[in-house]
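The values are calculated or read from the model by the stated rules, or taken from the named source; none is laboratory data. Quick caveat, the model's predicted, so the values are computed rather than measured. Glycine also receives a Cβ, built like all others from the backbone with ideal geometry; neighbour counts cover every protein chain displayed.
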Amino acid sequence: MFDAMGLTYIIEKEFYNTIKPVKIDFVKSSFGSGFSISSSMQKSNSCGGSCSC
């Protein structure tokens, strides 16, 4: 758990160590608003192991 700019974030320690550094931004656009999350973790080329794409 850590605080940044008035917000408290809760994340599993082992997962955080895998993805750090991580950047979380709140963004607004003509499509709506929400959070943009980026990290050093590589994206998978597949849809993962638990879906049936």
Next item on the list: May I ask you to say which residue of Lys23, Lys28 is modelled with pLDDT under 90 and either touching a Cys at 6+ places or on another chain (Cβ under 9 Å) or not in a helix (DSSP H, G or I) (or both)?
Entry: Lys23
Checklist line | Residue ID - nearest to the chain's Cα centre (by Cα), chosen from residues in segment 11-22 that are surrounded by fewer than 10 Cβ atoms within 10 Å (Cβ to Cβ) and within 12 Å of Met41 (Cβ to Cβ) | finding: Pro21
Check: With respect to Ile37, is the statement that it is out of contact with any Lys or Arg (no Cβ under 8 Å at 6 or more places or on another chain), at pLDDT 80 or above and not in a loop (DSSP other than H, G, I, E, B) true?
Finding: no
